[in-house]
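Since the structure comes first, as structure tokens, the remarks are kept for the end.
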Amino acid sequence: MIPRFDASEFNGITPEMRDAFERDGVLVLDGLVSAEMCALLQNRMNEMVKGFDAREHRSVFSSTSEAHAQDQYFLESGHEIRFFMEEEAFGADGQLTKPLHLALNKVGHAMHDLDETFSQFARQDRFRLICRGLGQKKPLPLQSMYIFKQPHIGGEVVCHQDATYLRTEPESCLGLWVAIEDATTENGCLWGIPGGHKTGGIREAFRRAQDGDGTYTERLDDTPFEEDKKVPLEAPKGTVLVFGGKFPHMSSANRSDKSRHAYTLHVIDGSAHYPADNWLRRPPRLPLKAL
Ligand SMILES: O=C(O)CCC(=O)C(=O)O
């Protein structure tokens, strides 16, 4: 059983929280974010979606096909706010079968630096306390995503480790995954493998090609993920799940009629080396800013 901590009065990582994180690879902090804040983020995202012209960009995000990874729109998204569609949102004629707000898979990856509401949320003291309390010397938010997990068509996210996509030497990535709506086994909550961060190494490295124009995935370790040991990480609205970069996690497709909105912030340690072949490259005009 993964322990849950009441974090409504959170003011720092306790020894019990740290022990749980080190043992399981994930920390469950209930009530860390207020319902009002979840509503504020959801409203702000609604406004951003209304301002997006879906006729201009048709980038699909899928963790199973990864066609997006060769696409300029995706490659530049580390320093922009970009909109990615659900694979199943299109009909045979290539047209959207749903209104845009029910067709998006996610928005990413620099809202925490480019949008006032998301920036204020991401740069809160509690997140800094979490990152420092779990060992980061200089927490540096690298990417953030608003994930919709739409009713009926919300796509599966296959088992992965965040350190595949956000690589530092030594490994230092922390994922802060915030439930903006209740996440249950019915609407595609996250699942994770407790202790899976200690079994095998980082399985794959997702790298930017040398010419900068594409990406490729390199296999590093063939140890299979022990998916038979996965457990659901159900998260009521306001819960924050904190993952280490090696923690194997996934989510299944959402076939229910309820959405499952989440906001996720990935933070690296600025004292670690950030290799130049990471997919996410910031131009000098938008350097990463400490938390
Ligand atoms: O929200 C999901 O379904 C997947 C999110 C995820 O894997 C991540 O934030 O690393």
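Bear in mind that the values in this text are calculations on the coordinates, not laboratory data. Only a predicted model underlies this, so the values are computations on that prediction, with no experimental measurement involved. Virtual Cβ from ideal backbone geometry, glycine too; neighbours counted across all protein chains shown.
Relative to the current alpha-carbon distance between Glu156 and Ala35, full extension at 0.36 nm per residue lengthens the span by 40.9 nm. A full extension of the chain between Lys138 and Arg55 corresponds to an added length of 25.8 nm, given 0.36 nm per residue minus the alpha carbon distance. Are there GluC sites (Glu not before Pro) in segment 165-216 that DSSP puts in a loop and that have at most 14 other Cβ atoms within 10 Å, and which ones? Hits after loop and neighbour filter: Glu186. Between the alpha-carbon centres of segment 149-198 and segment 215-263 there is a gap of 3 Å. Calculated from the alpha-carbon coordinates, segment 165-241 shows an Rg and a Dmax of 15.6, 43 Å respectively. With kT/(6 pi eta Rh) evaluated at 37 °C and eta = 0.692 mPa s, and Rh the Kirkwood radius from Cα pairs, segment 145-184 diffuses with a coefficient of 261 µm²/s according to Stokes-Einstein. Remark: segment 4-269 is approximated by an ellipsoid whose semi-axes, taken from the C-alpha gyration tensor as √(5λ), come to 27, 22, 19 Å, largest first. Each Cα pair of segment 208-283 feeds into the Kirkwood radius, which the Stokes-Einstein equation turns, at 4 °C and 1.567 mPa s, into a diffusion coefficient of 78 µm²/s.
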